[in-house]
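Please read the structure below before turning to the comments.
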Amino acid sequence: MQDTRRRSTPKKHSFKQEQLRHRERALIEAAAHLFAAKGYDGATIDDVVGAVGISKPTFYSHFAGKEALAIKVIVSRLEKALSHLEGFATSMPPGEAARAMIDWAIDNQVGSDCEPTFAGALNFFDHEEVLDAESKLTERLADLINRGQRDGTIKKRVSAKILAMTFRSIIKDNSFFGKENDQNYIDNLKIELRSLLLS
């Protein structure tokens, strides 16, 4: 008997919707780099629209202002981390996934395509949208760590919640990284964190 039920197909975005999504991503990326270079207070909306090549009215069709953009920059970083975590968790055992996440979190702060936390970002960490993104990441990290502790690949003497918060802090806060850090320092940092947190 033929199945006549309507199959759900992914909803396609119109050209205009794709254009809007692309422009919003460009604004977020430009703001991330400008905020990192100048700090939140030092970077202006004029800087952002100039980097993307759009008008101010077009900017305001995406964001209510600089604060809304800054929040989205932070949320996008947390969402990116969650996406990487999901990829590691589905392709590796928990212990290996946690190690890969340590490496990614550090490289994401100091690598050639890094996204360092910007001066002034702390002012937005208690915003509801940021807290929600943090919660999703922390819960997923805790789940991964719990599984690793059950199979013996992650140390059991440290709580999954504490480990998850440590990972999250590395991702969102570059306070223990400096511009003078060389590759040897970064490599040793990864080794020490793996040794401290994992079996």
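The values are calculated or read from the model by the stated rules, or taken from the named source; none is laboratory data. In this text the structure is predicted, and so the values were computed from the model without any measurement. Glycine gets a Cβ as well: all are built from the backbone with ideal geometry, and neighbour counts include every protein chain shown.
Consider region 39-52 and keep the residues that are touching a residue at least 12 places away in the same chain (Cβ under 8 Å) and charged (D, E, K, R). The one that is surrounded by the fewest Cβ atoms within 10 Å (Cβ to Cβ) is Asp41.
Residue-wise test of (1) surrounded by 19 or more Cβ atoms within 10 Å (Cβ to Cβ); (2) touching a strand residue (DSSP E or B) at 6+ places or on another chain (Cβ under 7 Å); (3) among the charged types (D, E, K, R); (4) assigned to a helix (DSSP H, G or I).
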site: Phe59; (1), (2), (3), (4): yes, no, no, yes
site: Ala68; (1), (2), (3), (4): no, no, no, yes
site: Lys72; (1), (2), (3), (4): yes, no, yes, yes
site: Leu78; (1), (2), (3), (4): yes, no, no, yes
site: Ala81; (1), (2), (3), (4): yes, no, no, yes
site: Glu96; (1), (2), (3), (4): no, no, yes, yes
site: Ser135; (1), (2), (3), (4): no, no, no, yes
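Yes or no: Thr153 under 19 Å from Phe88 (Cβ atoms), outside any helix (DSSP H, G or I), hydroxyl-bearing (Ser, Thr, Tyr) and at pLDDT 80 or above?
On the way: under 19 Å from Phe88 (Cβ atoms): yes; outside any helix (DSSP H, G or I): yes; hydroxyl-bearing (Ser, Thr, Tyr): yes; at pLDDT 80 or above: yes.
So Thr153 fits the description; yes.
Restricting region 168-195 to residues that are at pLDDT 65 or above and of a type in the set (Asp, Glu), the residue that is farthest from Asp132 (Cα to Cα) is Asp182.
Within region 105-114, restricting attention to residues that are touching a helix residue (DSSP H, G or I) at 6+ places or on another chain (Cβ under 7 Å) and surrounded by fewer than 19 Cβ atoms within 10 Å (Cβ to Cβ), the residue that is modelled with the lowest pLDDT is Cys114.
Here Ala32 meets the list (1) surrounded by fewer than 15 Cβ atoms within 10 Å (Cβ to Cβ); (2) under 18 Å from the mean Cα position of the chain (by Cα) almost entirely, failing just condition (1).
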